[in-house]
Amino acid sequence: MFEVFKKIKDGFVNTHKKLWAGLLNPFRKSESFASETLEQLEANLYGADFGPEVVEKIMQQVKNSDPKCCSLLQVVRLTLEAMLHDSEGTLPLAIQQPQVVLLLGVNGVGKTTTAAKLAHYLQTQNEKVLLGSCDTFRAAADQQLKRWAEQLHIECVRSHQGADAAAVAHDTCQAGVHRNYNWILLDTAGRLHNKTHLVEELKKIIRVVKKFQDNFPQHKWLVVDGSLGTNSITQAKVFHEAVGLTGMIVTKLDGTSKGGAIVGIHDQLKLPIYFIGLGEACDDLQKFSYASYLDAIIGSSNGSSTC
Ligand SMILES: Nc1nc2c(ncn2[C@@H]2O[C@H](COP(=O)(O)OP(=O)(O)OP(=O)(O)O)[C@@H](O)[C@H]2O)c(=O)[nH]1
Ligand SMILES: [Mg+2]
């Protein structure tokens, strides 16, 4: 447990620095918050990429709070806790029905790597996992997932370059259902959210998968590159409108100074965050816990209840 938190803390160290730079003793209660302190906090919040709406909400709370009762750090933490209380996705583990996950998102955000990491995570939870390589667009994509699957000893349904992605999704579900897999993870080709015909392809995959069972795919998760910060909100909205997303995975948060984007993205989309990616290795995927995230970027919650 300690190791897991260390990884999260290390991953968000730059966000932590960005958030508290130039703010002296943000954990101390005082007579009043100096105007320079408020200006610095606001600049830092923008720097850590919380996004304008979240910054506005935090600044409002700070201005409405009593500095004699609450330190700056406590107000920020409590405000973010309230915004994130419903942000954690819960995985339905150890259940009868196969769970189909469609991983989608724009090019290079980390879908294929995340499919492998997620498969590895589920294996550690004693779940039986099948991968489907529905990125038939690039030959290299299929090879990438094949390598991961071999390394992790996980079965992977594949086809050839140029094959119909929906047909691969179909074959994967067929194999998964007949052979009693618990999880069927479908990696898809990166596509720009504004390229309508590519988004149509995604809809076709969903239609085909639905034929197996009406509630397939139960999970349509957008993979978002966390290092791009709140810039990802626009693409996320387009995908959400097109396919009705059920959750998100935010990748590449290791080393980013834009870790505040997690709050900004969740605030705008209200989608649960299932996992965060903190590196390129198969065990660099962590279940999203808002408490651990806030511990990493702000500090422990000790004393916040006195506010
Ligand atoms: N540092 C870091 N790198 C990551 C993370 N997740 C993925 N990557 C790297 O990001 C690059 C792109 O990852 P892919 O998994 O190929 O991304 P993709 O979305 O499948 O890409 P396309 O299929 O081309 O759309 C690779 O070099 C990965 O190793 C992460 O959490 N942290
Ligand atoms: Mg890929």
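The values are calculated or read from the model by the stated rules, or taken from the named source; none is laboratory data. Since we're looking at a predicted model, the values are computed, not measured. As a convention, Cβ positions derive from the backbone with ideal geometry for all residues, glycine included, and neighbour counts pool all protein chains shown.
Within segment 218-236, can one find any residue that is out of contact with any Cys (no Cβ under 9 Å at 6 or more places or on another chain), in the same structural domain as Gly279 (by TED's automatic domain parsing) and farther than 23 Å from Phe288 by Cα?
No, there is no match, as no residue in segment 218-236 is out of contact with any Cys (no Cβ under 9 Å at 6 or more places or on another chain), in the same structural domain as Gly279 (by TED's automatic domain parsing) and farther than 23 Å from Phe288 by Cα.
Among the listed residues Asp142, Asp187, identify the single one that is more than 26 Å from His266 (Cα to Cα), in contact with a strand residue (DSSP E or B) (Cβ under 9 Å, 6 or more places away or on another chain) and either in a strand (DSSP E or B) or in the same structural domain as Gly255 (by TED's automatic domain parsing) (or both).
Asp142
Only residues that are in contact (Cβ under 8 Å) with a residue 24 or more places away in the chain and surrounded by fewer than 18 Cβ atoms within 10 Å (Cβ to Cβ): list them for segment 188-200, please.
Answer for segment 188-200, where residues must be in contact (Cβ under 8 Å) with a residue 24 or more places away in the chain and surrounded by fewer than 18 Cβ atoms within 10 Å (Cβ to Cβ): Leu192, Asn194.
Okay, residues lined up against (1) farther than 19 Å from Leu278 by Cα; (2) within 13 Å of ligand 1 (Cβ to nearest atom):
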site	(1), (2)
Ala94	yes, no
Val100	yes, no
Leu104	no, yes
Lys111	no, yes
Ala115	no, yes
Thr124	no, no
Glu127	yes, no
Leu131	yes, yes
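So, in segment 57-98, of the ones that are farther than 22 Å from Asn25 by Cβ and over 25 Å from the mean Cα position of the chain (by Cα), which residue ends up surrounded by the fewest Cβ atoms within 10 Å (Cβ to Cβ)?
Here the residue is Gln96.
Considering only residues of segment 78-124 that are without any contact (Cβ under 8 Å) to a residue 12 or more places away in the chain and farther than 11 Å from Asn182 by Cα, which is farthest from ligand 2 (Cβ to nearest atom)?
So the residue we want is Ala82.
Out of the residues in segment 171-184 that are more than 26 Å from the chain's Cα centre (by Cα) and outside any loop (DSSP other than H, G, I, E, B), which is surrounded by the fewest Cβ atoms within 10 Å (Cβ to Cβ)? Show your work before the answer.
Residues of segment 171-184 more than 26 Å from the chain's Cα centre (by Cα): 171, 174-175, 177-180.
From the residues that got through so far, the ones that are outside any loop (DSSP other than H, G, I, E, B) too are 171, 174-175, 177-178.
On the way: Asp171: 16, Gln174: 13, Ala175: 15, Val177: 17, His178: 8.
Top of the filtered list is His178.
State which residue is nearest to Asp254 (Cα to Cα) when the search covers only segment 31-77 and only residues that are touching a residue at least 40 places away in the same chain (Cβ under 8 Å) and among the polar types (S, T, N, Q).
Gln74
For segment 141-149, indicate whether the set of residues that are away from ligand 1 (no atom under 12 Å from the Cβ) and crowded, with 19+ Cβ neighbours inside 10 Å is non-empty.
Initially, segment 141-149 is screened for residues away from ligand 1 (no atom under 12 Å from the Cβ), giving 146, 149.
Within this subset, residues satisfying the condition of being crowded, with 19+ Cβ neighbours inside 10 Å are 149.
For segment 141-149, residues away from ligand 1 (no atom under 12 Å from the Cβ) and crowded, with 19+ Cβ neighbours inside 10 Å: present.
Step by step: first the residues of segment 145-170, then only those that are assigned to a strand (DSSP E or B) and either of a type in the set (A, V, I, L, M, F, W, C) or within 13 Å of ligand 2 (Cβ to nearest atom) (or both), then the one that is farthest from Thr113 (Cα to Cα). Which residue is that?
Val157
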